[in-house]
Amino acid sequence: MIHSVYVDTDVIFDVLTKREPYYNGSAKLFSLIENGKLTAYVSPLSFANMHYILRKISSSAKSKSTLKKIFSLVKISPFTEDVLAKALDCDFKDFEDAIQNFSAINCKAKCIITRNLRDFTKSALPSFSPEEFLISQL
């Protein structure tokens, strides 16, 4: 089993909002994280983005309460000068994805788990959807 993974923001949103048809795979992934069978890294930028959206559909207090639960389950990847410099210098289409990619590399994750696989085609790390990742671990 891969023990250290980087989780893209969209996968976390799928769990928090029970977004179908993606919820089941993402929830199973987070079950592995919660049970200590998988170490998950997340960018601090993901928390800012999630709070921004969650507070619009509930309240700031509810958003923070929800994010505290996620925070208790994951490790935060360092957002360093090196990560930012590499993200600024690469040819990823989306700057946020570039930051997440180099954050994943920086924290030595073995893969990136995302629903948007095409966003990480230029990554040096393999990327999997939650469902693909779970199947690969059987």
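Here are a few things to note about the model shown:
- Condition check for Glu20: within 25 Å of Leu134 (Cβ to Cβ), free of Cβ contacts under 8 Å to residues at least 40 places away in the same chain and among the acidic types (Asp, Glu): yes
Conditions (1) over 13 Å from Ile112 (Cα atoms); (2) touching a strand residue (DSSP E or B) at 6+ places or on another chain (Cβ under 7 Å); (3) surrounded by 18 or more Cβ atoms within 10 Å (Cβ to Cβ), marked per residue:
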{"residue": "Ser4", "(1), (2), (3)": "no, yes, no"}
{"residue": "Val11", "(1), (2), (3)": "no, yes, yes"}
{"residue": "Lys18", "(1), (2), (3)": "yes, no, no"}
{"residue": "Tyr23", "(1), (2), (3)": "yes, no, no"}
{"residue": "Glu34", "(1), (2), (3)": "yes, no, no"}
{"residue": "Pro44", "(1), (2), (3)": "yes, yes, no"}
{"residue": "Ser59", "(1), (2), (3)": "yes, no, no"}
{"residue": "Lys62", "(1), (2), (3)": "yes, no, no"}
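- Residue match in the range 78-91 (condition: within 22 Å of Glu132 (Cβ to Cβ) and either touching a strand residue (DSSP E or B) at 6+ places or on another chain (Cβ under 8 Å) or at pLDDT 95 or above (or both)): no
- Scope the range 58-83; condition in a helix (DSSP H, G or I) and either of a type in the set (Asp, Glu) or free of Cβ contacts under 8 Å to residues at least 24 places away in the same chain (or both); matching residues: Ser60, Ala61, Lys62, Ser63, Lys64, Ser65, Leu67, Lys68, Lys69, Glu81, Asp82, Val83
- Of all residues in the range 101-132, exactly one satisfies the criterion of being of a type in the set (D, E, K, R), more than 11 Å from the chain's Cα centre (by Cα) and buried (at least 18 other Cβ atoms within 10 Å of the Cβ), namely Asp119.
- Of the residues examined, Ile135 is one that is modelled with pLDDT under 95 and surrounded by fewer than 16 Cβ atoms within 10 Å (Cβ to Cβ).
The values are calculated or read from the model by the stated rules, or taken from the named source; none is laboratory data. These numbers come from a predicted model, not from an experiment. Cβ atoms come from the backbone with ideal geometry, glycine included; neighbour counts cover every protein chain shown.
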